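Okay, structure first, notes after.
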């Protein structure tokens, strides 16, 4: 057999071996709050519940793991173990979580390690502006919360301030602030600082804030 043919057979053998190696398909979902139009990955903050799961792909098919011993380990601590335990839930401790899942499959142990990042609650103030300059008209600011451990906005306490003075948002929508800028007594290029903050009604230590420095062009 020629060298080229021999190398070809070796290559095919390696390809067949690579194709037959079981592959983990891992997924996870954090239960923290984000606005409805958010399209990124939802990240967990401290105490957020994280649902994890996986499938094992063997020769292009989902393997039956109902009789396989599966063990989940988080940060070197076992959190779940059992036959067919393809799903597990953890509570985020406020830092990146290192997850290892091992499976007793076809008389050998195989494992996969992955990490889940952690985030802090944050507020973004949506102004619908392209810059930081304001003219003399009405404006609406929206405080958008991300990664809080809440189910809906009613579980947040919002507060606003204008140049350090506390002001109120909308009565029915406290996450929205409306202000009207008039020309009386305003010098040219007046500075305006709008601040928004939010805290969890059931966990006041879970809070975030955001400030915007704007310029009113009065003329």
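The values are calculated or read from the model by the stated rules, or taken from the named source; none is laboratory data. Everything numeric in this text was worked out from a predicted model, so none of it was measured. Note: ideal-geometry Cβ built from the backbone for every residue, glycine included; neighbour counts use all protein chains shown.
Things worth noting here:
- Residues satisfying the stated conditions in segment 2-34, i.e. in a loop (DSSP other than H, G, I, E, B) and modelled with pLDDT under 50: 2
- Meets criteria (part of a strand (DSSP E or B) and at pLDDT 95 or above) for residue 42: no
- If you check 37, 55 for being outside the structural domain of residue 175 (by TED's automatic domain parsing) and outside any loop (DSSP other than H, G, I, E, B), only one passes: 55.
- Checked against (1) exposed (fewer than 11 other Cβ atoms within 10 Å of the Cβ); (2) at pLDDT below 90, residue 213 passes all but condition (2).
- The single condition among (1) surrounded by 13 or more Cβ atoms within 10 Å (Cβ to Cβ); (2) assigned to a loop (DSSP other than H, G, I, E, B); (3) outside the structural domain of residue 159 (by TED's automatic domain parsing) that residue 71 does not satisfy is (2).
- Odd one out for residue 118, checked against (1) outside any strand (DSSP E or B); (2) surrounded by fewer than 16 Cβ atoms within 10 Å (Cβ to Cβ): (2)
- Qualifying residue in segment 166-173 (condition: modelled with pLDDT of 90 or more, within 29 Å of the chain's Cα centre (by Cα), assigned to a strand (DSSP E or B) and within 30 Å of residue 50 (Cα to Cα)): no
- Test: residue in segment 133-154 that is out of contact with any strand residue (DSSP E or B) (no Cβ under 7 Å at 6 or more places or on another chain) and either on the phi > 0 side of the Ramachandran plot or part of a strand (DSSP E or B) (or both): no
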